[in-house]
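The values are calculated or read from the model by the stated rules, or taken from the named source; none is laboratory data. Fair warning: this is a prediction, and the values are worked out from it, not measured in the lab. So basically every Cβ, Gly included, is an ideal-geometry build from the backbone, and we count neighbours across all protein chains shown. Only protein heavy atoms, including side chains, enter the accessible area calculation; ligands, DNA and RNA are left aside. Shrake-Rupley method; radii C 1.70, N 1.55, O 1.52, S 1.80 Å.
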Amino acid sequence: MTDYDVAVVGGGPVGMWLAAELHRGGVRPVVLERRAERPRHSKALTIYPRTLEQFALRGLAERWLAEGTPVPSSHFALLKNRLDFSFLDTRYPYTLFLPQRRTEELLQDHLAELGVPYLRQHVVTGLRRGDTGVDLDVDSPQGTAVIRAAYVAGCDGAASTVRAAAGIDFAGTPDTWQTILGDIELADPPPVPALTLSEPGGSAYLVALGGGRYRMAVIDHTTLYDLTDRPVTFEDLRTSALRVAGTDFGMRETPGTWLSRVGNATRQASSYRAGRVLLAGDAAHIHYPAGGQGLNLGLQDATNLAWKLAAEIRGWAPPGLLDSYHAERYPVARDVIDDALAQCGLFANPGREGIALRDRFDAILGAAPALRRELAVRLSGLAVRYPAAALPAGQRVPDLSLRNAPAATIFGLLHPAKFVLLNLTSAPASAGFADRLTVVHAELAGDHPEWAGTGAVLIRPDGYIAWSSPGDEAPPLTSWLGRELNETGGFRR
């Protein structure tokens, strides 16, 4: 008998969201966090539209919207010609800035509501895999212990103990340059909540955190290749800001000032699964935080993995479903990594050639609205599509309004994290899947030409379309939902 169905190692945003989604899938997770308390300062700030949509799939988006700062644009490589998000086909056409610490607090509150155990000061030191489960060696305040789970999810960051213990390669490149950043008070801040600067000597990025505090990141070509472990000082940041931006924006060193370095190490796990061990977030991929995509990538890993792993544990997963986690998410992370590398090639290239390339690309970007739109859609996360035989299968489902339905919108139907069979013409019976499928007969509210001729659509728990049909064709339920239930609640053979 296992202690838990899934031991989630790492209690940051990705681990907590994964545990919440696993709980919704009907299994028993536990979160093991090595730290005694949450760090005071936040690595990440940026929440993109698709991540907000995934919170909305569970009815939680308003918790983030109530506190975050929406900005209707973003940037590519810190260039002057910004990417407008306002045209995006979503209820959240903007970048939302909210410190990661607050996101973690909101997620931990949600775990408490669900009753998912979150154990601090539980340091995983090793693991042993068997045919029916995994034994984790854990150092805790009560001493050493062994926690047994059917599966283990490593969400324990770039230096993942779980990944190393499972023998999964973390291929890539180490730091070859570094930049500095800090959370500081500004007496003379810019007039906008987010500012990007691209100058001959480097680039800079400022984001308002509230209360007169700003996140300032500086890519200073003068010091770019000075690799060092020396702590960043206030004067380091101020000097680089003056050199790149020509002003320090009235920087003031206060007791709450936080300073750090970030390098361009770029790595990806060769496999996101090794038997009963799976990886998500920074344990699976790291890159320079160009565009602030890392947190979003990890949270979306978790949404993809959770329902598949829950299906495997509950015994109804069709063959290959759990392996599709790697098949679907590995290419998405590879695309984000390549995107980050491309941005680094533009802003972290101090030679004349690099500066000319950056300026030329910025001019092209300014003159090409179609290119700006394409980059905006990609950065937003809305362009992710999982391989499928034909469109629209594999695409995200938009949150369309409904008439004569038990919820006002499509996302409202997905709150329980089940499949949804949305019938816009007829409503075939599917009683054999009642534990994992909601069948709804409804009408679309408003005019949606792109949905003309759609009679039915099968939507995955993570909000992607599994199948659609223009007529009364029977949906391929067993291909996605596995075995039906019998009259006694067991699975049919």
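Assessment of segment 279-288 against the conditions (of a type in the set (Asp, Glu) and touching a strand residue (DSSP E or B) at 6+ places or on another chain (Cβ under 7 Å)) yields no matching residue.
For beta carbons closer than 7 Å, sequence separation of 6+ or different chains, a first residue in segment 197-219 that is over 19 Å from residue 254 (Cβ atoms) and a second that is modelled with pLDDT of 95 or more and open to solvent by 40 Å² or more (accessible area, probe 1.4 Å), the qualifying pairs are 201/222; 201/243.
One residue alone among 91, 163, 120, 148 is modelled with pLDDT of 95 or more, basic (Lys, Arg) and under 28 Å from residue 265 (Cα atoms), and that residue is 163.
Quick one: residue 387 ticks every box in (1) at pLDDT below 95; (2) surrounded by 17 or more Cβ atoms within 10 Å (Cβ to Cβ) except a single one, so which number is it? Failed condition: (2). From the list 45, 57, the one residue that fits, being among the aliphatic types (A, V, I, L, M), open to solvent by 10 Å² or more (accessible area, probe 1.4 Å) and within 18 Å of the chain's Cα centre (by Cα), is 45.
Just one residue in the set 200, 191 is closer than 22 Å to residue 77 by Cβ, at pLDDT below 95 and out of contact with any Leu (no Cβ under 9 Å at 6 or more places or on another chain); that residue is 200. Could you grab me the full set of residues in segment 112-132 that are open to solvent by 30 Å² or more (accessible area, probe 1.4 Å), part of a strand (DSSP E or B) and under 30 Å from residue 292 (Cα atoms)? Result: 118, 119, 123.
Within segment 266-296, the set of residues being part of a loop (DSSP other than H, G, I, E, B) and not hydroxyl-bearing (Ser, Thr, Tyr) comprises 275, 276, 280, 284, 287, 289, 290, 291, 292, 293.
None of 135, 109, 175 is open to solvent by 30 Å² or more (accessible area, probe 1.4 Å) and without any contact (Cβ under 8 Å) to a residue 12 or more places away in the chain except 109.
Per this entry, residue 242 is counted among residues that are more than 30 Å from residue 30 (Cβ to Cβ) and free of Cβ contacts under 8 Å to residues at least 12 places away in the same chain. Scan (1) free of Cβ contacts under 8 Å to residues at least 24 places away in the same chain; (2) among the aliphatic types (A, V, I, L, M); (3) under 21 Å from residue 89 (Cα atoms) for the single condition residue 375 breaks and write down its number. Single failed check for residue 375: (1). Among residues of segment 245-274 that are β-branched (Val, Ile, Thr), those with a beta-carbon under 8 Å from a residue that is surrounded by fewer than 15 Cβ atoms within 10 Å (Cβ to Cβ) at least six positions away or on a different chain give the pairs 247/188; 266/172; 266/173. Scanning segment 24-38 for residues that are open to solvent by 20 Å² or more (accessible area, probe 1.4 Å), within 21 Å of residue 315 (Cβ to Cβ) and in contact with a strand residue (DSSP E or B) (Cβ under 6 Å, 6 or more places away or on another chain) gives a single hit, 28. Of everything in segment 361-384 that is small (Gly, Ala, Ser) and more than 25 Å from residue 57 (Cβ to Cβ), the residue that is surrounded by the fewest Cβ atoms within 10 Å (Cβ to Cβ) is 370.
One line per residue, one yes/no per condition, for (1) crowded, with 21+ Cβ neighbours inside 10 Å; (2) outside any loop (DSSP other than H, G, I, E, B):
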| site | (1), (2) |
| --- | --- |
| 16 | yes, yes |
| 21 | yes, yes |
| 40 | no, no |
| 53 | yes, yes |
| 79 | yes, no |
| 105 | no, yes |
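Answer with yes or no whether residue 183 is closer than 30 Å to residue 31 by Cα and open to solvent by less than 40 Å² (accessible area, probe 1.4 Å). So residue 183 passes the test.
Looking only at residues in segment 138-152 that are open to solvent by less than 60 Å² (accessible area, probe 1.4 Å) and aliphatic (A, V, I, L, M), the one that is nearest to residue 193 (Cα to Cα) is 152.
Is segment 8-31 home to any residue that is on the phi < 0 side of the Ramachandran plot and without any contact (Cβ under 8 Å) to a residue 60 or more places away in the chain? Yes, there is a match, as at least one residue in segment 8-31 is on the phi < 0 side of the Ramachandran plot and without any contact (Cβ under 8 Å) to a residue 60 or more places away in the chain. If you check 69, 95 for being open to solvent by 20 Å² or more (accessible area, probe 1.4 Å), under 25 Å from residue 218 (Cβ atoms) and touching a strand residue (DSSP E or B) at 6+ places or on another chain (Cβ under 6 Å), only one passes: 69.
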